[in-house]
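S.K.: Take this structure, written in structure tokens, and hold onto it; I'll ask about it next.
The values are calculated or read from the model by the stated rules, or taken from the named source; none is laboratory data. Quick caveat, the model's predicted, so the values are computed rather than measured. Cβ coordinates were reconstructed from backbone atoms using ideal geometry, including for glycine residues, and neighbour counts include every protein chain displayed. Ligands, DNA and RNA are excluded from the accessible area calculation, which covers all protein heavy atoms including side chains. Shrake-Rupley method; radii C 1.70, N 1.55, O 1.52, S 1.80 Å.
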Amino acid sequence: MSIFDIIDEEAKKAASFIKLDPGSKMLLKFDTNKISIVENDFQGKKTKRVCYKVVDPNLPFDEKDFKIGFTHSKQLNALLKAGLNLIMVERIGSGLSTKYTFAPAIQEAKK
């Protein structure tokens with residue numbers, strides 16, 4: 001692992017929120033007892049988003065925020081209501097054309 005990879009990993013750990021790059025996937029464990037609606041500034045306008053508390057199952061003590069709009073939260077909430085909280089999240093696109101897909105994890109986290 002190069003020093004640049006190490007710096008990238010440390011920056012991800014230090015951040016208080018999850019940010020997926022376009023085309024990337026991440027396995028997340030959602031805490032259904034820690035979901036809230038928050039206000040955000042988006043292009044100078046106040047908007048509301050759903051904020052989920054999540055952890056990377058491989059780093060279980062590193063809780064972060066994952067914020068998405070109400071449109072994307074419907075699909076995610078359906079999985080959470082069904083009792084599925086270990087979910088593979090994929091981001092497709094960027095900017096206003098960003099889409100998220102959510103799928104129940106089919107493999108367990110590394111121990």
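S.K.: For the pair K46/M1, report the inter-label distance in nm, with labels modelled 7 Å from Cα in the Cβ direction.
M.R.: 4.2
S.K.: Still on this structure, please answer the following. For a paramagnetic label modelled at 7 Å from the Cα of I106 toward its Cβ, which residues of the range 20-45 fall within the zone defined by backbone nitrogen distances under 18 Å?
M.R.: Counting backbone N atoms under 18 Å from the label point, the list is 25-28.
S.K.: How large is ³J(HN,Hα), in whole Hz, for each residue of the range 90-102 in order, when computed from phi with the Karplus curve 6.51 cos²θ - 1.76 cosθ + 1.60 and θ = phi - 60°, using x for Gly and Pro?
M.R.: Listing the rounded values in order: 10, 9, 10, x, 8, x, 6, 9, 5, 10, 10, 10, 10 Hz.
S.K.: Another question about this same structure. Rank these by accessible area, largest first, 1.4 Å probe: M1, M26.
M.R.: I get M1, M26, largest accessible area first.
S.K.: Next question, about the same structure. Determine the share of the chain's accessible area contributed by carbon and sulfur atoms, expressed in whole percent, with a 1.4 angstrom probe.
M.R.: 55
S.K.: Quote the relative contact order of the chain in percent (integer), defining contacts as alpha-carbon pairs under 8 Å separated by 6+ residues.
M.R.: After rounding, I find 28 percent.
S.K.: A further question on this structure: Write down the accessible area per residue of the chain in Å², having rolled a 1.4 Å probe over the full set of protein chains.
M.R.: Heavy-atom accessible area per residue stands at 71 Å².
S.K.: Sorted by packing (mean other beta-carbon atoms within 10 Å per residue), highest first, where do 52-58, 73-79 land?
M.R.: 52-58, 73-79
S.K.: Still on this model: Only sites in a loop by DSSP and with at most 13 other Cβ atoms within 10 Å count here; which trypsin sites (Lys or Arg not before Pro) in the range 1-40 make the cut?
M.R.: For trypsin sites (Lys or Arg not before Pro) across the range 1-40 that sit outside H, G, I, E and B with at most 13 neighbouring Cβ atoms in 10 Å, the list reads K19.
S.K.: How are the C-alpha pair distances of the chain spread across 5 Å bins, as whole percents from the shortest bin up?
M.R.: Result returned by the calculation: 2, 11, 19, 25, 22, 13, 6, 3, 0.
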